Each structure stands twice: as structure tokens, then as C-alpha cells.
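The values are calculated or read from the model by the stated rules, or taken from the named source; none is laboratory data. The structure presented is a predicted model; accordingly, all values stated were derived computationally and were not measured. Counting neighbours? That spans all protein chains shown, and the Cβs are built from the backbone with ideal geometry, glycine included.
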Amino acid sequence: MGGISMTAPQMWLIAAIVLFILEILTPGFVLANFAVASLAAALAAWFGASTTVQIIVFVIVSIASFLAIRPLLHKTLLKPEESVPTGVDALIGRLVTVTEPIGPAPNLGRIAADGDVWRARTDAPTRIEVGTTVRIRAVESGTVVVEVPI
């Protein structure tokens, strides 16, 4: 009875394919390193290297890929998402228009931002008049702190 016979390069390639498929199903970029090493061992087998040399190539490439490729993949593929400011934080840095005169402290005025009216104060020693464009520097307890941009 005849069985299926495979050459060493074919076995290494099958191992690489299986490992790549398993890598897709698992997190962590661990199995991909072994898959790359299997491809390197398949290449060595293709050129007629002995089984011992194939295993040495597999081990060396596995270690090298763990030390080089895995950290690189983690750095590039698992970047933390940049947070987009929302709500009150989205106001900081915006240019808005004064709708009621502001200041000097402690006198509060009002500004309009995206159709909403906010209480506003300034640390500037002079009054900021209606219609002036100001920059929101901070938000403190529902009151925006503004400054006149230079």
C-alpha cells in the first residue's frame, strides 16, 4: 500500500502555511515568527541542506524574528489610537466670538461656539468687547477661559 510521500521543503512549506493560518486566528505575533522560520528552513531544504542544518536554520531564524520582527510589528500594527477630543475638551484651542463683554476678572461675559453660548472669563487686565475673536484656553467648571490671540 502506497502512502503519501513528501519532500522536506514541502513539509516545511505546509508547516509555514498552517502556522500563518493559526497566527491569523490568535493574537500576539508569535506563530508568525515560526512560520517565517519554517519558510527559511524550506529554502534551506530546497537547496539540499541536511536535516540538522534545516533545524539550525529554523532555530536561528525563529530567534532572530522574535528579536527583530515581533517588536517591529507590535510598534507599527498596535499603535495606540490617537484620541480625538470630544465634548468640552474639543473647545480648547478654538477661536470663537465674544457675544457679551468679558472681564477683567471676576466679571464674566459670554462667547458663542458652534451655536452654544458659554460663560467666559479672561485673565487679561482689560475688557474684551463684543465681536472680538478670542481663543479658548481652558474650561473650568462650565466657564471657558479665553485669551485674545496674538
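Observations on the structure shown:
- So residue 41, is it buried (at least 18 other Cβ atoms within 10 Å of the Cβ) and not β-branched (Val, Ile, Thr): yes
- Inspection of the stretch 80-92 identifies at least one residue that is more than 20 Å from the chain's Cα centre (by Cα), under 30 Å from residue 120 (Cβ atoms) and part of a loop (DSSP other than H, G, I, E, B).
- The listed residue being exposed (fewer than 11 other Cβ atoms within 10 Å of the Cβ) and under 30 Å from residue 137 (Cα atoms), out of 52, 76, 86: 86
- Neighbours by Cβ (under 9 Å, 6+ apart or cross-chain): first from the stretch 82-101, closer than 14 Å to residue 132 by Cβ; second among the acidic types (Asp, Glu): 96/114; 98/129; 101/129
- Against the list (1) assigned by TED's automatic domain parsing to the domain that holds residue 119; (2) out of contact with any strand residue (DSSP E or B) (no Cβ under 7 Å at 6 or more places or on another chain); (3) hydroxyl-bearing (Ser, Thr, Tyr), the condition residue 97 fails is (2).
- Answer from 64, 68, 16 - the residue that is in contact with a helix residue (DSSP H, G or I) (Cβ under 7 Å, 6 or more places away or on another chain) and outside the structural domain of residue 134 (by TED's automatic domain parsing): 16
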